[in-house]
1. What is the distance in Å between the Cα centres of region 249-284 and region 1-69?
2. So, R0 is 41 Å and r is the distance between the beta-carbons of LYS69 and HIS233; what FRET efficiency does that work out to, to 0.05?
3. Which cross-chain or sequence-distant (5 or more) residues have an amide H under 5 Å from the amide H of SER19, H modelled 1.01 Å from N in plane?
4. Any chance you could list the semi-axes, whole Å, largest first, of the equivalent ellipsoid that the Cα gyration tensor gives for the chain, using √(5λ)?
5. Only four residue types carry charge here, +1 at the Cβ of Lys and Arg and -1 at the Cβ of Asp and Glu. Report the dipole size of region 195-248 about the Cα centre in Debye, rounded to the nearest 20.
6. Expressed in nm to one decimal, what extension gain is obtained for the pair SER99 and GLU148 from 0.36 nm per residue of sequence separation less their Cα-Cα distance?
7. Over the chain, with a Gaussian network built from C-alpha contacts below 10 Å, which listed residue (PRO45, PRO200, PRO159) shows the highest mean-square fluctuation?
8. For GLN279 and ASN59, compute 0.36 nm times the residue count separating them, minus their Cα-Cα distance, and round to one decimal in nm.
Amino acid sequence: MDRIRIIGGNPLNGIIPVSGAKNAALPLMIASLLTSDTLTLENVPRLADVNLLMRILGNHGCDYRMDGKRVGDAPYAGQTIHLEASTIVDTTAPYDLVSRMRASFWVVAPLIARMGVAKVSLPGGCAIGTRPVDLLLMVLEKLGAQIEIDSGYVHAKAPHGLRGAEIDFPKVTVGGTHTALMAASLAHGVTLIRNAACEPEVRDLADCLVKMGAKIKGAGTSTIEIEGVTRLHGARHAVLPDRIEAGTYAMAAAMAGGDVLLEGAQESLLPVALDILRQTGATVETTARGLRVARHGGVIMPVDVTTEPFPGFPTDLQAQFMALMTRAQGTSRITETIFENRFMHVQELARLGARIRLDGDAAIVEGRPVLKGAPVMATDLRASVSLVIAALAAEGETLVHRVYHLDRGFERLEQKLQACGAQVERISDPG
């Protein structure tokens, strides 16, 4: 099993190209099941989750091919994938595939919208909480689907098609909004979604669906209107930049010090997180090429943070920000409101010398002048990269184990950090 070895103490200086967003690419790929034509997606990141989802889509009969490297391509240029589900050959998504990636459960929406039937495994547990699918099933029931749960599978039927409805979410849900967008696009009549998620990834999916012929108004706001159409056609769409990757490297630069250009990053995708980063003492500037983040000496100031749906501080940056606060000059309080049990990185950060106390849904972080390298274990995707960030500023060597978590969401992380002067390497065990 691979490990990542980090020798801390080097500032980061250089350019880090920001990849396409994983959280946008996955629902976009799933949307290919809505049409028999080809959906071409550009700027798709090279990630383990993307590869797994291609296997899952292939199980339903979706063919795919990837463009080869082109003359003049940048070293980290995203890949272009052509997806064609001309014939759905299987409407079952089995447990052995769905259990490996929760987002794959979303295939239930295009399958029932296009085929009138779907059998999809419940995704099961999750390292950062239960993440129930009840709101996703509520969407389908509102649209007229018959839902039964038997032997760990959701059996959904709509033999006469889905019908438009009013959907009022009791709480903001990205997965629920994705589900509603895809299912309602092929429903009969008009669907009105209230308290919809406003995340950029939701807007990106809606933009792609519109290119495919869907009639959607209001995406990116809390109220979305969808007028169903009889069929969708193929389209070409570029995945938006990964705001979580950009925020992660921004915090790494603030933690380790130095001056980094996050090429392709957009401030509009991270308004609150970047404002908070400025409050810690880092310099953040928008340039024609992306975002420039720097910290030349000076202390890291403590800042209190509460995770919130977009445009608030993202839960997917909570662990990274906590790593930064372990070196702040003072005490900060980080409150997690989106997912329960999302503090699993605390005990691993403590192995590096961090002082963190849990208080219900909050973590109180007492900044320390020095962190020291140690062996640590990744527990989930965002927790694993928080350990990398902390290790960049720690004295001595840190070995991060279980880095397959990193490979799910960060493209070529070691190479991007190495290019900016970090002493980082992957160690692959024989066999």
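We did not get these values from a lab; they are worked out from the coordinates using the rules stated. Everything numeric in this text was worked out from a predicted model, so none of it was measured. Don't worry about glycine lacking a Cβ; one is built from the backbone with ideal geometry, like all the others, and counts go over all protein chains shown.
1. Going from one Cα centre to the other spans 24 Å.
2. FRET efficiency, LYS69 to HIS233: 0.90.
3. Correct list: ASP242.
4. They are 38, 22, 20 Å, listed from largest to smallest.
5. 300 debye
6. 15.7 nm
7. Among PRO45, PRO200, PRO159, the largest mean-square fluctuation in the Gaussian network model of the chain belongs to PRO159.
8. So the chain would gain 74.4 nm between GLN279 and ASN59.
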